[in-house]
There are 2 protein chains.
Amino acid sequence: MRAELIAVGTELLLGRIINTNTAILGRRLAELGVDVYRHVTVGDNVERLLDAMREAAPRAELVITIGGLGPTLDDVTRDAIVRFGGLRTYVDRTVLAHIRRRYRLRGLAMPAADRCMAEVPEGAAVFHNHVGAAPGFAVSVERSWIIALPGPPSEMEPMAERNLASFIRRIRPEPSLILSRTLKVTGMVESHVHRLIARWMTAQPPVTVGIYAGASEVDIVITAKASSRARALRLIQPVERSIRRRLGPRLFATDQEELESVVGRLFVRRRATVAIAESCTGGLISHRLTNVPGSSRYLLQSVVAYSNTAKETALAVPRPLLRRHGAVSAPVATAMARGIRDANGATLGLAVTGIAGPGGGTSSKPVGLVFIALSHAHGTAVQRYRFLGSRDDIKRRAAQAALELVRTHLTNA
Amino acid sequence: MRAELIAVGTELLLGRIINTNTAILGRRLAELGVDVYRHVTVGDNVERLLDAMREAAPRAELVITIGGLGPTLDDVTRDAIVRFGGLRTYVDRTVLAHIRRRYRLRGLAMPAADRCMAEVPEGAAVFHNHVGAAPGFAVSVERSWIIALPGPPSEMEPMAERNLASFIRRIRPEPSLILSRTLKVTGMVESHVHRLIARWMTAQPPVTVGIYAGASEVDIVITAKASSRARALRLIQPVERSIRRRLGPRLFATDQEELESVVGRLFVRRRATVAIAESCTGGLISHRLTNVPGSSRYLLQSVVAYSNTAKETALAVPRPLLRRHGAVSAPVATAMARGIRDANGATLGLAVTGIAGPGGGTSSKPVGLVFIALSHAHGTAVQRYRFLGSRDDIKRRAAQAALELVRTHLTNA
């Protein structure tokens, strides 16, 4: 089964938004065994969208449009699909009630223009939008299915995950799938990972191994194509076992899992709690930890102590220590971690102090210098790091390193 | 002058990498006055790349491929362009010396396979690669220019910036550019913004107006095409003025500026400081504020008070208040804002308490219920919100609303 994806949006063509949708959807379709032949992006223009559909339909059983389903004049996808298939539409009452309800919950009346979002082609399978307003749908035109998904990634992704996946499972002629297993490493450079697992990098289909370096992690991806999940897993497992043996505890997560979820699970398992003192990471560690549902069970408190005064008062860092060593130093990181742990009676106290830049660096304390301290029942460990990159890169890398320290500690505890 | 971009890479189709190149290049081409009609992505496959070039060339004067210029078997672009144009190639000595030198600097000998990267079509303009090995090039085939750029963004971007830009300036029939102005609104739904500015939405080229809804803001984009920057500005300005009059203080930022930068500038201008008590936003407000260089001048301290104990001890919220109203309530938000302001002697105290979900909601206090309080010298204002969406959406929307409250306050102060 072949698919072509058509993203709709002048903003994408002009580069005002980066298109993350086709990557997300491409990954999902691969898992379903669908071969994605092409991604196309066109502007908010009915004629050009029609051209793209006319070219794609003879080549692909699935033509999936993304975006252009909203209520404004720019939103041309519904109209283009209706014209492409010579279709008639009707107003879906369930969808209309859903859109009205969303306004009612916010204490607003539904604008008349929003009614068009409830219009769907006759005979279409309607994909309910659990996150936003406009539904998606799938409609048969000649030998292809034309499928419309909403543009906001927060709406597109769950709709692809639920409605589209079950729709494809229903219509595909025979089951086949591409299964991937991602093993994640942090704190190592790509070529080091490559050297460690080089012998598996030359694996031939149906199993292949790739390495992909992100900003603060390296992903090892093992991929297999087979007629069933069980068969694909049987191909992946021996390779995965060997790589796991080679990299051991350096692997922090599998597949889509984030470091904060792994750390969260460890906190729950160890019945441990944490209090955090952030300086240069500015709240990013807390933000990541609180992205995990249920994080209130282990994150007691977090303080972003930007000023020295806040470090003294909220964290009880002695003033002479700040004077002698400066805020960005191992002794201050240690005192911050101890202070925040004691103040909250937490199992762990985590503290980060550093220079995120772009200003504030000196030759002895350059931009990117970061100290991370972890205080626990048996003492406080402090680590010195030098991160490269922009302010944003340094914040991200420091937050990642801090969470990795916590993971290592909880794993060995 | 029209362009179509063809990104080459199976990794892009499978969604293992997000395609940032077409966005970067699209933005650059718009600035050069080139109309980008389409982005296409195909896999590492000569035939499919040839198909894409055959479709694009009759529509566009510039067909720009990105990626597939490396030395491995996966790299098919050079071969496809040569076949497409029926071209002959030669080995460019300067390029070959550049590739050899890169290896020599690392103490290595050049692998034989790398020689192919120095092969370029006869008659092509060669784009030297200042960052990596493989050069880009532009070659004339029938009525189009076929242009090849390397895939790694760190190599593609500077090559587009230097070589491609000067090449396009040389070949284009007359100077022209596309200029955009983005006006940002928050706290209003898309169709409401649309209704207010509907009369400008039907503007015709060379000036057009579009509306784009993001997760927590709505962007109004005015675009003009003209032969110079000054002429484009003269087309944009009257429309911009009218829209500014219509939306007034609801516009919070222009172009790429983020709300946290606007708020940061206001803090500096008013010589004001802030201390923050975050509950359901979990550090996101602090993270955003500290993304702005120099934020240590006004962000004194931020506390993520997840537990009731932290609310009592760090923020001095009276226990009876927590018992009577619950942590998610207007009185507790008010007390948190006052508490954090007093503790830090800040100009403003900002507090957020709410239910980010997915668990923890009740019929009287549903998921998405959020109270935001802002304490200042003359009292404390508290607002009730009901946000929809996932945990992540609710965190983002609450953080945006909190920053918008601060912006409004500082603007009117």
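I need the strands (runs of 3 or more DSSP E) fully contained in region B:303-386, keeping only those with at least 2 residues that are more than 10 Å from chain A (Cβ to nearest Cβ) and closer than 27 Å to A:Ala277 by Cβ.
Filter on region B:303-386 gives B:348-354, B:369-376.
So is A:Asp74 in contact (Cβ under 8 Å) with a residue 60 or more places away in the chain, within 13 Å of chain B (Cβ to nearest Cβ), in contact with a Gly (Cβ under 8 Å, 6 or more places away or on another chain) and crowded, with 19+ Cβ neighbours inside 10 Å or not? So A:Asp74 fits the description; yes. All of B:Arg195, B:Arg241 fail the test of being among the basic types (Lys, Arg), away from chain A (no Cβ under 12 Å) and part of a helix (DSSP H, G or I), apart from B:Arg241.
Residue pairs whose Cβ atoms lie under 9 Å apart, separated by 6 or more positions or on different chains, with the first residue in region A:284-301 and part of a loop (DSSP other than H, G, I, E, B) and the second crowded, with 24+ Cβ neighbours inside 10 Å and charged (D, E, K, R), are A:Asn291/B:Lys395.
Can you find even one residue in region A:249-266 that is under 23 Å from the mean Cα position of the chain (by Cα), at positive phi and either buried (at least 19 other Cβ atoms within 10 Å of the Cβ) or of a type in the set (Lys, Arg) (or both)? Checking region A:249-266: not a single residue is under 23 Å from the mean Cα position of the chain (by Cα), at positive phi and either buried (at least 19 other Cβ atoms within 10 Å of the Cβ) or of a type in the set (Lys, Arg) (or both). Looking at region A:111-147, which of its residues are buried (at least 19 other Cβ atoms within 10 Å of the Cβ), within 14 Å of chain B (Cβ to nearest Cβ) and more than 16 Å from A:Thr77 (Cα to Cα)? A:Asn129, A:Gly132, listed by residue number. Among all positions in region A:249-272, there is at least one residue which is at pLDDT below 95, part of a helix (DSSP H, G or I) and in contact with a helix residue (DSSP H, G or I) (Cβ under 9 Å, 6 or more places away or on another chain).
Comparison of A:Leu235, A:Leu183 shows that the only residue that is more than 23 Å from the chain's Cα centre (by Cα), surrounded by 15 or more Cβ atoms within 10 Å (Cβ to Cβ) and outside the structural domain of A:Arg396 (by TED's automatic domain parsing) is A:Leu235. Among the residues of region B:57-90, those identified as over 16 Å from B:Glu47 (Cα atoms) and charged (D, E, K, R) are B:Arg59, B:Glu61, B:Arg88. Selection of region A:210-225 for residues being in contact with a strand residue (DSSP E or B) (Cβ under 7 Å, 6 or more places away or on another chain), aliphatic (A, V, I, L, M), within 12 Å of another protein chain (Cβ to nearest Cβ) and farther than 18 Å from A:Gly33 by Cα yields A:Ile211, A:Ile220. Sort out which residues of region B:199-209 are surrounded by 15 or more Cβ atoms within 10 Å (Cβ to Cβ) and either in contact with an Asp or Glu (Cβ under 7 Å, 6 or more places away or on another chain) or more than 7 Å from chain A (Cβ to nearest Cβ) (or both), and write them in order of number. Result: B:Trp200, B:Ala203, B:Pro206, B:Val207, B:Thr208, B:Val209. Do we find a residue being more than 12 Å from chain A (Cβ to nearest Cβ), more than 32 Å from the chain's Cα centre (by Cα), more than 29 Å from A:Gly33 (Cα to Cα) and surrounded by 17 or more Cβ atoms within 10 Å (Cβ to Cβ) anywhere in region B:88-95? For region B:88-95, residues more than 12 Å from chain A (Cβ to nearest Cβ), more than 32 Å from the chain's Cα centre (by Cα), more than 29 Å from A:Gly33 (Cα to Cα) and surrounded by 17 or more Cβ atoms within 10 Å (Cβ to Cβ): present. Against the test of being under 20 Å from B:Leu14 (Cβ atoms) and part of a helix (DSSP H, G or I), the options A:Ala230, A:Ala165 yield a single qualifying residue, A:Ala165. Of the listed requirements (1) in contact (Cβ under 8 Å) with a residue 40 or more places away in the chain; (2) assigned to a loop (DSSP other than H, G, I, E, B); (3) touching a Gly at 6+ places or on another chain (Cβ under 6 Å), B:Val221 misses just one: (2). The residue of region A:105-130 that is nearest to A:Leu69 (Cα to Cα), among those that are of a type in the set (Gly, Ala, Ser) and assigned to a helix (DSSP H, G or I), is A:Ala118.
Given the structure, is B:Ala23 within 11 Å of chain A (Cβ to nearest Cβ), touching a residue at least 40 places away in the same chain (Cβ under 8 Å) and either farther than 21 Å from B:Glu155 by Cβ or not acidic (Asp, Glu) (or both)?
No, not satisfied.
Does A:His409 qualify as being crowded, with 18+ Cβ neighbours inside 10 Å and either modelled with pLDDT under 95 or more than 14 Å from every other protein chain (Cβ to nearest Cβ) (or both)? Taking the combined requirement at face value, the residue satisfies it. Annotation: of all residues in region A:26-44 being under 21 Å from the mean Cα position of the chain (by Cα) and within 7 Å of chain B (Cβ to nearest Cβ), the one that is nearest to B:Tyr212 (Cα to Cα) is A:His39. Among the residues of region A:30-71, the one identified as surrounded by 21 or more Cβ atoms within 10 Å (Cβ to Cβ) and acidic (Asp, Glu) is A:Asp44.
Residues that are among the β-branched types (Val, Ile, Thr) and buried (at least 24 other Cβ atoms within 10 Å of the Cβ) were ranked within region A:267-290; the one that is farthest from the other protein chains (Cβ to nearest Cβ) is A:Val274.
The values are calculated or read from the model by the stated rules, or taken from the named source; none is laboratory data. All values derive from a computational prediction rather than experimental measurement. Neighbour counts run over all protein chains shown; Cβ positions are idealised from the backbone, glycine included.
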